[in-house]
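The values are calculated or read from the model by the stated rules, or taken from the named source; none is laboratory data. What you see is a predicted model; the values in this text were computed from it and never measured. Glycine also receives a Cβ, built like all others from the backbone with ideal geometry; neighbour counts cover every protein chain displayed. All accessible areas refer to the heavy atoms of the entire protein, side chains included, with ligands and DNA or RNA removed. Shrake-Rupley method; radii C 1.70, N 1.55, O 1.52, S 1.80 Å.
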Amino acid sequence: MSKTAILEFDGQKYEFPVIVGSENEAGIDIEKLRALTGAITLDPGYKNSGSCKSDITFLDGEEGILRYRGYAIEDLADKADFLEVAYLVIFGELPTKTQLEQFETDIRKYTLVNEEMKNIIDGFPKTAHPMGVLSALTSALTAFNPKVVNVENEKEMYEAVCKTMGKFLVIATWTYRKMMGYPLNYYDNTKGYVENFLHLMFELPTGPYTSNPVVVNALDKLFILHADHEQNCSTSTVRIVGSSHAGLFASISAGVSALWGPLHGGANQAVLEMLEAIQKDGGDAAKYMAKAKDKDDPFRLMGFGHRVYKNFDPRARIIKKAADEVLSTLGVDDPILNIAKQLEAAALVDDYFVSRKLYPNVDFYSGIIYRALGIPTDMFTVMFAIGRLPGWIAQWKEMRINKEPIGRPRQIYTGYPLREFKAMDKR
Ligand code: SDX
C-alpha cells in the first residue's frame with residue numbers, strides 16, 4: 001500500500017503521508033493540506049473523513065465485522081456479560097474475576113443519586129419524552145459532581161467511570177418511572193447490574209419484583225451489542241463536546257441528545273411505530289416498501305441501511321436470533337415480528353435495497369425484544385443509551401488522554417460578498 005498520496009492542485013503537486021491502521025485501513029493525513037495548498041476538503045456527513053485514531057472498536061462494513069478491543073462481537077455476546085464488556089471497552093482488557101468483582105463493588109459506591117435530583121425530574125410533565133429527560137438529568141449530574149475529571153489522574157478517572165456507570169442507569173430508569181407516575185426506585189447493591197435495571201424499572205411498592213433469568217440474559221446481550229460502535233453520530237458528539245474540555249456528564253448528555261434522532265438511536269422506536277402502522281394498515285408490507293422507494297415520499301424503511309455496514313449488521317443477525325428465542329421462551333406470539341420478517345425478506349431481494357446495499361441494522365429487531373420484555377416504545381432509545389454508555393465513556397477518555405485538539409471543522413462560505421449597511425428607511 002502506498003506510504004504517501006499525491007495531490008495535484010493549481011498546477012502543483014503535493015505529497016501527503018498515509019496512515020495505515022492495524023486492520024490495513026488507509027488514511028491520508030491532510031493535517032497540512034490548507035497550509036500547503038490554501039484549500040480544505042469538503043465532506044458533508046464526514047462519509048469519507050476520519051476524525052481520530054482509536055484502539056477501541058473495529059468494524060468492517062463490507063464484511064459485516066464488529067470487534068471491541070479485538071474481540072469478535074459474536075463471542076462477546078455469547079460468552080460475556082455486560083459489565084465484563086463495559087470493563088473491556090473502557091479499560092482495554094477482559095477483566096479477571098477479581099477485577100470484575102472489584103469494578104462492580106466500585107460502581108456500587110456511587111449508585112445513590114442525590115435526592116435533590118428528584119426536584120429536577122419533578123419539573124417535567126409526564127408526557128416528556130424519556131430521552132429529553134435523560135439528557136437533562138445527565139447534564140444535571142454535573143451540579144452534584146462539579147469536579148471536572150482530571151483524566152491524567154488515574155484514580156479520579158476511574159472514580160468518574162464508576163460514578164457514571166452507577167448513576168446513569170438509575171436516572172435512565174427514572175425517566176420511565178416519571179412517565180408512568182410511579183415512585184422512583186433506588187439501586188439495590190445486592191443485585192447485579194442488569195438485574196438492577198429490571199428492579200429499578202419494574203419494582204413497585206405494592207409487592208416484590210422477581211426478574212426472569214431469560215429476560216436478564218436477553219438484556220445482557222442487547223446491552224453488549226450496543227456498547228460501542230466507533231465514530232457514530234452520538235459518539236462523535238461526545239468526543240467533540242469533550243474536546244472543549246467540558247465534563248464527562250455534560251459530554252454524555254450531548255451524546256444522549258444526538259442518539260435521540262430517528263436516523264440514529266431513535267430508529268429502534270421508529271421501527272416499532274412503522275411496524276405497528278403497517279399492522280394497523282392491514283399488514284401490507286409491499287405498500288410500505290413502495291413508499292420507502294418513492295423519492296417523493298419522505299418515508300424510509302426504519303431499521304434498514306447504515307452509513308458503514310454495506311452488508312448485514314452483525315448485531316442485527318444476533319438480535320434476530322435472540323428475538324426468536326426470547327419470544328418463544330416467554331410464549332409471546334407477536335405478529336409484529338412476522339411483519340418484520342416479511343419486510344426483511346422482501347427488501348433483501350428488491351433491487352432498490354440491494355443496489356444501495358441497505359440491510360437490516362441493529363435497530364430493526366431490537367424493539368421487538370424490548371416490547372416482548374414489557375418495555376414501552378418510548379423507552380427503546382433509552383435502552384440504546386444504557387448499552388452505549390461504556391462506549392461513550394471509553395471514547396471520551398481516549399480522546400482526552402490522547403490530548404486531541406478541540407474539534408472545530410471548517411466550511412466553504414457560499415453567502416453574500418461584502419455589502420454596505422442599509423439604514424432602516426432604505427430597506
Ligand atoms: C444507528 O453510525 C452508526 O454506527 C450508527 C449505529 C450505532 O451503533 O451507533 O449503528 C446505530 O444509527 C443505525 C442506523 C439507524 N437508522 C435507521 O435505521 C434509519 C433508516 N436508515 C437511513 O436513514 C440511513 O440508512 C442511515 C441514516 C442509517 C444512513 O444514511 P446514509 O449513510 O447517509 O445514506 P443516505 O441517506 O445517503 O442513503 C443512500 C441512499 C439514498 O438513496 P439515493 O439518494 O441514492 O437514491 O439509500 C437510500 C437513500 O434514500 N436509503 C434508504 C434508506 N436508507 C438509505 N431508502 C429507504 N429506506 C432507508 N432506510
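A few remarks follow.
- For Lys321, the aspartates and glutamates whose Cα falls under 20 Å of its own Cα, not counting residues fewer than eight places away in the same chain, are Glu63, Glu74, Asp75, Asp78, Asp81, Asp220, Asp313, Asp333, Asp334, Glu344, Asp363.
- Of all accessible heavy-atom area on the chain, the percent that carbon and sulfur account for (1.4 Å): 53 percent
- Sorted largest first, the spans of the alpha carbon positions of the chain along the three principal axes are 77, 64, 56 Å.
- When +1 charges are put on Lys and Arg Cβ atoms and -1 charges on Asp and Glu Cβ atoms, the dipole computed for segment 278-427 relative to its Cα centre reaches about 1000 debye.
- For segment 218-223, Karplus couplings with θ = phi - 60° (6.51, -1.76, 1.60), whole Hz, Gly/Pro x: 5, 5, 3, 5, 5, 5
- The three principal axes of the Cα atoms in segment 297-369 give end-to-end lengths of 37, 24, 21 Å, sorted in falling order.
- Mean-square fluctuations from a GNM of the chain, with a 10 angstrom spring cutoff on Cα atoms, peak among Ser355, Ser234, Ser244 at Ser355.
- Cβ-defined net charge surrounding Val238, 13 Å radius [Lys, Arg +1; Asp, Glu -1]: 0
- The loop-placed trypsin sites (Lys or Arg not before Pro) in segment 300-371, going by DSSP, that have at most 13 neighbouring Cβ atoms within 10 Å of their Cβ come out as Arg356, Lys357.
- Think of each Lys and Arg Cβ as +1 and each Asp and Glu Cβ as -1; about the Cα centre, that makes the dipole of the chain roughly 1220 debye.
- For trypsin sites (Lys or Arg not before Pro), the sites in segment 26-125 that DSSP calls loop and that have at most 16 other Cβ atoms within 10 Å are Lys32, Lys47, Lys53, Lys109.
- Each residue of segment 199-213 was assigned a 3J(HN,Hα) from its phi angle through the Karplus expression (A = 6.51, B = -1.76, C = 1.60, θ = phi - 60°), giving 4, 5, 7, 10, 6, 10, x, 7, x, x, 10, 10, 7, 7, x Hz with x at Gly and Pro.
- With at most 16 other Cβ atoms within 10 Å, longest stretch of the chain clear of loop GluC sites (Glu not before Pro) (DSSP): 153-419
- Between segment 199-221 and segment 309-335, the Cα center-to-center distance that results, in Å: 20 Å
- Of the residues Cys233, Cys52, Cys162, the one with the largest accessible area comes first in the ranking Cys233, Cys52, Cys162, computed with a 1.4 Å probe on protein heavy atoms.
- Pairs of Cα atoms farther than 19 Å apart, segment 54-182, %: 60 percent
- For the pair Phe299 and Glu115 in one chain, pulling the backbone fully straight at 0.36 nm per residue adds 61.9 nm over the alpha carbon distance.
- Placing a pseudo-label 7 Å from each Cα along the Cα-to-Cβ vector at Ser2 and Asn311 gives an inter-label distance of 2.6 nm.
- Counted charge near Ile28, where neighbours are those whose Cβ lies closer than 13 Å (Asp, Glu -1; Lys, Arg +1): -3
- Neighbourhood net charge (11 Å Cβ-Cβ; Lys/Arg +1, Asp/Glu -1) for Ile369: +1
- Listed by chain and number, the aspartates and glutamates whose alpha-carbon sits under 15 Å from that of Lys3, ignoring those within fewer than 8 places in the same chain, are Glu15, Glu25, Asp29.
- Members of Lys118/Lys147; Lys147/Lys397; Lys79/Lys341; Lys32/Lys53; Lys293/Lys320 lying beyond 19 Å, as alpha-carbon distances in this model show: Lys118/Lys147; Lys79/Lys341; Lys293/Lys320
- For segment 81-143 versus segment 404-425, the gap between their alpha-carbon centres in whole angstrom: 41 Å
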